[in-house]
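Working notes for the structure below.
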Amino acid sequence: MTDSRIQRILAEVLLPLIGIFAWQWSFDFICWFYAIDVFFNAIVGLVRHRQFRTPIGFALPWLELIMVLILIVLSGKNVWSSFNDFLAYKDMGIAQGYILIPLILLNEWMRWKLEQRTRIVMFSSNNSHLLKMAGFALIGVFLVFYHELLSASLIFLGVLTVVNLISKPIINVK
């Protein structure tokens, strides 16, 4: 299976959705989970995909990351204390942040191994980054006017689901 949409939906949507209902993850917790995923994806993209990307293609993941950080601020949280809360959040006596970051790294490693095995490089198109940023802008407007964090969490995951379903990754053969 070389279509990374399923992997992205599982990593970006399903785990946070379970987190909302099973572990009472907050909006900023979900934003941090996604921001760390985007950060590692952007770092790996700089290293692996530089021969395939344009300068705007390199900038868009970083702009997406900035928009997610702005959403954390709009949720009423201080960015650093929110990040510390993400790392220290405990469920069943285990700090979840320290488990989730290795899971995100494992996801990137699995994608890299898949690319090595199939000899196909997959990365997100510029349009998918722009669609996500448009969705995040709408969530920002929603937070300013309504400040309903559970609804914002579900809308956030809805934006990620829709974008991942309608956009295909750019695929280049090595």
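Points to keep in mind about this one:
- Here W62 passes the criteria (1) within 21 Å of W112 (Cα to Cα); (2) open to solvent by less than 50 Å² (accessible area, probe 1.4 Å); (3) out of contact with any His (no Cβ under 9 Å at 6 or more places or on another chain) except the one numbered (2).
- Within region 118-134, residues that are under 12 Å from G45 (Cβ atoms) and in contact (Cβ under 8 Å) with a residue 60 or more places away in the chain sit with their Cβ atoms under 7 Å from residues that are open to solvent by less than 20 Å² (accessible area, probe 1.4 Å) and of a type in the set (D, E, K, R), at 6+ positions apart or across chains, in these pairs: V121/E115; M122/E115; H129/E64.
- Against the test of being acidic (D, E), more than 11 Å from the chain's Cα centre (by Cα) and open to solvent by less than 50 Å² (accessible area, probe 1.4 Å), the options D37, D28 yield a single qualifying residue, D28.
- Out of L114, L71, L100, L106, sole residue that is under 24 Å from T161 (Cα atoms) and touching a Cys at 6+ places or on another chain (Cβ under 8 Å): L71
- In region 125-174, the residue that is modelled with the lowest pLDDT out of those that are open to solvent by less than 30 Å² (accessible area, probe 1.4 Å) and assigned to a loop (DSSP other than H, G, I, E, B) is P169.
- Residue count, region 108-123 (criterion: open to solvent by 20 Å² or more (accessible area, probe 1.4 Å) and either in a helix (DSSP H, G or I) or of a type outside the set (A, V, I, L, M, F, W, C) (or both)): 9
- Selection of region 39-86 for residues being in a helix (DSSP H, G or I) and among the polar types (S, T, N, Q) yields N41, S81, S82, N84.
The values are calculated or read from the model by the stated rules, or taken from the named source; none is laboratory data. Keep in mind it's a predicted model, so treat the numbers as computed, not measured. Every residue, glycine as well, gets a Cβ built from its backbone with ideal geometry; the counts of neighbours run over all protein chains shown. For accessibility, only protein heavy atoms count, side chains too; no ligands or nucleic acids. Shrake-Rupley method; radii C 1.70, N 1.55, O 1.52, S 1.80 Å.
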